[in-house]
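Beneath this line is the structure, given in structure tokens, with notes to follow.
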There are 2 protein chains.
Amino acid sequence: MYSESVKKLIGEFEKLPGIGHKSAVRLAFYILESDETAAKNMADALLEAKQKVKFCTKCFNLAESDLCEICSNNKRDESTICVVENVKDVAAMEKTHEFKGLYHVLHGAISPMNNISANDIKIKELVSRLSDDRIKEVILATNPTIEGEATAMYISRIIKTIPGVKVSRIAHGIPVGGDLEYTDEITLIKAMENRREM
Amino acid sequence: MYSESVKKLIGEFEKLPGIGHKSAVRLAFYILESDETAAKNMADALLEAKQKVKFCTKCFNLAESDLCEICSNNKRDESTICVVENVKDVAAMEKTHEFKGLYHVLHGAISPMNNISANDIKIKELVSRLSDDRIKEVILATNPTIEGEATAMYISRIIKTIPGVKVSRIAHGIPVGGDLEYTDEITLIKAMENRREM
């Protein structure tokens with residue numbers, strides 16, 4: 001029903017996460033119906049971002065030069081590294097304006113189901129950063145999923161063999177504003193386990 | 001928090017219909033985290049589609065040459081024109097495999113609220129097509145919204161002055177598989193008005 005080039009455009013939109021076939025068709029038609037510049041601007045933005053944005057050589061966050069903005073900011077606390085799965089997690093954490101340390105982006109989590117082993121993510125790079133004496137604590141902020149937990153477990157075992165570096169895991173529990181009634185069992189169990197004296 | 005080129009990419013995704021800020025950030029990060037070719041393929045598809053796909057000079061549907069596939073198909077019934085608001089509506093109608101006539105895409109609907117008058121959409125072009133004696137009926141399939149109804153009304157008044165051309169409106173009512181309980185009042189009123197003897 002659609003011509004080859006329209007099908008190709010729909011196909012490209014469909015590759016994006018969370019975009020199904022119907023949404024992809026809608027987006028493709030939006031581009032086709034809007035003026036020339038819409039497609040051109042978008043194509044330019046894609047190419048420019050991809051060309052300019054690299055990964056920080058130290059923490060593997062997004063960066064436009066060798067080091068990312070956080071690693072090159074000398075006001076950050078160099079004694080703490082927060083380990084996250086993805087660059088999006090850095091952005092989420094930065095929004096809190098609470099954490100002043102550095103990051104380390106693993107670019108994934110260990111997942112035997114998806115054939116992702118410890119060597120496929122940036123664990124070696126994290127361990128080699130720890131040879132720097134200034135680092136006192138590593139906070140494991142991988143997601144509370146099976147893969148995230150396994151990754152945290154794996155990394156914590158390695159770090160425990162390095163003297164002078166503390167390793168911790170972010171807390172799991174009922175989210176603020178959440179409702180006990182609608183909280184899943186695993187979260188409730190975690191929330192009970194991690195209870196604090198008042 | 002994000003660099004200029006990342007912000008620009010997020011901004012471009014945000015312009016797409018149905019994509020809010022959070023989704024735009026997710027899509028931008030997907031592109032930044034995937035390999036070089038993802039961005040390149042998408043940029044190419046955008047530019048290629050926009051370059052190749054034009055509008056049919058007769059019915060204003062999408063076309064890769066002067067006439068669209070439907071207008072250039074001599075098996076279609078040239079006596080009936082189905083008038084729709086957008087090219088997406090042509091695709092929706094074609095999926096039924098029922099309508100064998102031609103189309104006319106208005107590219108919008110009359111909407112004084114949004115400063116869209118009859119001259120801003122392809123009404124003149126529709127009227128000039130009707131000078132062709134072969135056309136016997138115009139089916140108005142604009143959306144059942146205030147704008148769509150107003151547009152249908154406006155066009156039907158013009159066509160009624162042209163001898164030999166019948167004008168009709170697609171039926172509105174409860175959708176097949178729909179539920180009376182969840183049908184809005186206006187649709188129910190329409191469904192009652194348009195009742196048919198059995």
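Remark: the range B:4-52 carries a charge dipole of roughly 240 debye about the Cα centre, counting +1 on each Lys and Arg Cβ and -1 on each Asp and Glu Cβ.
So what's the net charge close to B:S23: Lys and Arg +1, Asp and Glu -1, counting the other residues with Cβ under 14 Å from its Cβ? Neighbour charge sum, excluding B:S23 itself: +3. At an R0 of 35 angstrom, the distance between the Cβ atoms of B:V176 and A:N194 translates into a FRET efficiency of 0.10. Temperature 4 °C, viscosity 1.567 mPa s: under these conditions the Stokes-Einstein estimate for chain A, based on its Kirkwood radius over C-alpha pairs, is 65 µm² per second. Rounded to a whole number, what % of the accessible area of the range A:133-182 do carbon and sulfur atoms account for, probe 1.4 Å? The C+S portion of the solvent-accessible surface of the range A:133-182 is 60 percent.
Across chain B, Cα pairs under 8 Å and at least six residues apart give a relative contact order of 13 percent. Rolling a 1.4 Å probe across all protein chains gives B:R134 an accessible area of roughly 130 Å². Pairs of Cα atoms nearer than 8 Å and 6+ residues apart set the relative contact order; for the range A:68-169 it is 29 percent. Put simply, the Cα atoms of the range A:1-99 extend 60, 23, 20 Å along their principal axes, the longest span coming first. Sorting B:D133, B:D89, B:D35, B:D179 on solvent-accessible area from highest to lowest, probe radius 1.4 Å, gives B:D133, B:D35, B:D179, B:D89.
Take the Kirkwood radius over Cα pairs of the protein assembly as shown, plug it into Stokes-Einstein at 20 °C and 1.002 mPa s, and you get 83 µm²/s for translational diffusion. For the range B:68-169, taking Cα atoms only, Rg and Dmax work out to 13.1, 41 Å respectively.
Highest-first packing order for the peptide set A:112-123, A:5-16 is A:5-16, A:112-123, based on the mean count of other beta carbon atoms within 10 Å.
With equal scatterers on the alpha carbons only and no solvent term, can you work out the Debye log10 of I(q)/I(0) for the range A:4-52 at 0.13, 0.17, 0.24, 0.30 1/Å? For the requested q values the scattering log ratios are -0.31, -0.53, -0.95, -1.12. Please compute the net charge surrounding B:A118, taking Lys and Arg as +1 and Asp and Glu as -1 over other residues with Cβ under 13 Å from its Cβ. Spelling it out: positives minus negatives among the neighbours equals 0.
The values are calculated or read from the model by the stated rules, or taken from the named source; none is laboratory data. From a predicted model like this one, the values you see are computed outputs, not experimental measurements. FYI the Cβ positions are ideal-geometry reconstructions off the backbone, even for glycines, and counts take in every protein chain you see. Quick note on the areas: whole protein, heavy atoms, side chains included, nothing else; ligands and nucleic acids left out. Shrake-Rupley method; radii C 1.70, N 1.55, O 1.52, S 1.80 Å.
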